[in-house]
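The values are calculated or read from the model by the stated rules, or taken from the named source; none is laboratory data. None of these values were measured; they are calculated from a predicted model. When we count neighbours, we look across all protein chains shown, and the Cβ atoms used for this are built from the backbone with ideal geometry, even at glycine.
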Amino acid sequence: MSNGYDRKRVLVTGGAGFLGSHLCERLLKDGAEVICADNYFTGRRANIGHLLNHSSFELLRHDVTFPLYVEVDQIYNLACPASPIHYQHDPVQTTKTSVHGAINMLGLAKRTGARILQASTSEVYGDPVVHPQTEEYWGNVNPIGPRACYDEGKRCAETLFFDYYRQFQLPIRVVRIFNTYGPRMHPHDGRVVSNFIMQALTHQPITLYGDGSQTRSFCYVDDLIEGFVRFMALDGDEPGPLNLGNPGEFTMIELAELVLRLTGSRSAILHHPLPADDPRQRRPDITKAAQKLDWRPLIPLEDGLERTIAYFRHLIDNS
Ligand code: NAD
Ligand code: UDP
């Protein structure tokens, strides 16, 4: 499938983060000119170090809560801390990043006529009572809990995207991303995949929250990025929202046991209290993405974990 990126100018906010760095890499491969904007709150220059000498790559230190003036054809708005410990570190700033960031990037899209994709999240479904989650489900979010800065920030960003779409006919694409993992995740971001792998490789106890029966669905990063690029390239009036994720569903105990087996670690599993508002279950219904994009995840959890374990092993060996 041609994505028509030849010489297109594409802005990636949050481009020095986990997903953003993979997206920048992919867009450069497809022939785009990429501007990566990041304030390095959770992202790192090391994630995009290998791109710095690419003639079509430009790096800007920029905080999306402030306006940005560049000329672009497309915008992928990824800037926002994504892991619970990072987004709860400064919750007011998290909401500002989602809401002011969306307003600024939508304003930029309106001025330049750029197509704009919003990295929304399965967290808009909260602790879901509909399972698996379809795009029609409105969610079950606690608006005043510790996760609200992220969940409600992302929900308000979706509202802004759809109001710009209706009011100004802006070409928007809203993607709801379900838990995604892979190389370049931050080793200390507290997310379950990075935690379990780092703990297993360093012979620390595996921190299992609650009884470990809560479920998540894990998508390998390359699969997700393929979905992003296909959605952005889709012709016509296609605002979404579109779920992107891997429908394979695992309990956290199953994940812990799989990580222990794949790393050959003898770390013990230690139970910790379940964090407040931790969703009990999560699995995407990806029927829409399959129909519209002819897309489905190709990398099984075990293969993706092997690649991620190799990345963290290398990181530990070289630190
Ligand atoms: P990440 O923390 O690695 O990346 C986020 C990037 O945004 C970082 O580089 C960070 O420095 C940057 N950033 C944060 N605040 C900023 C600001 N005010 N201005 C400019 N840059 C800022 O996380 P990620 O996993 O790569 O997530 C990327 C996007 O995808 C986020 O919007 C996140 O909400 C969304 N998402 C990710 C997942 C997932 O499982 N990885 C799931 C759902 C949604
Ligand atoms: N979790 C866990 N141990 C950890 C980190 C997370 O058991 O060290 C659990 C957490 O309670 C949640 C699931 O793993 O049920 C996924 O957590 P994560 O923070 O990765 O993502 P999210 O809750 O945002 O889906």
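Scanning region 87-139 for residues that are basic (Lys, Arg) and more than 13 Å from ligand 1 (Cβ to nearest atom), we see that the one that is nearest to ARG173 (Cα to Cα) is ARG115.
Residue count for region 260-304 under the criterion of being of a type in the set (A, V, I, L, M) and touching an Asp or Glu at 6+ places or on another chain (Cβ under 9 Å): the result is 6. Figure legend. Inter-residue proximity from region 90-108: first residues closer than 18 Å to CYS149 by Cβ, second residues of a type in the set (Lys, Arg), beta-carbon distance below 8 Å, spacing 6+ or different chains. Indicated pairs: SER98/LYS154.
Identify the residue in region 103-119 that is of a type in the set (Lys, Arg) and more than 20 Å from the chain's Cα centre (by Cα) and, among all such residues, is farthest from ARG230 (Cα to Cα). So, considering only residues that are of a type in the set (Lys, Arg) and more than 20 Å from the chain's Cα centre (by Cα), the one farthest from ARG230 (Cα to Cα) is ARG111.
Evaluate region 307-317: report whether one residue or more is small (Gly, Ala, Ser) and either buried (at least 19 other Cβ atoms within 10 Å of the Cβ) or within 14 Å of ligand 2 (Cβ to nearest atom) (or both). Scanning region 307-317 turns up no residue that is small (Gly, Ala, Ser) and either buried (at least 19 other Cβ atoms within 10 Å of the Cβ) or within 14 Å of ligand 2 (Cβ to nearest atom) (or both). With the condition kept exactly as written, say whether any residue in region 161-177 is over 24 Å from LEU274 (Cβ atoms), within 12 Å of ligand 1 (Cβ to nearest atom) and at pLDDT 95 or above. Yes, because at least one residue in region 161-177 is over 24 Å from LEU274 (Cβ atoms), within 12 Å of ligand 1 (Cβ to nearest atom) and at pLDDT 95 or above. Among the candidates PHE57, PHE66, PHE41, the residue that is out of contact with any strand residue (DSSP E or B) (no Cβ under 9 Å at 6 or more places or on another chain) and more than 7 Å from ligand 1 (Cβ to nearest atom) is uniquely PHE66. Among the residues of region 275-314, those that are closer than 19 Å to ARG191 by Cα, among the aliphatic types (A, V, I, L, M) and modelled with pLDDT of 95 or more comprise LEU301, LEU305, ILE309, ALA310. Only residues that are touching a helix residue (DSSP H, G or I) at 6+ places or on another chain (Cβ under 6 Å) and in a helix (DSSP H, G or I) were counted across region 261-274, and they come to 2. Selection within region 248-260: residues that are within 16 Å of ligand 1 (Cβ to nearest atom) and not in a strand (DSSP E or B). The member of this set that is nearest to the chain's Cα centre (by Cα) is GLY248.
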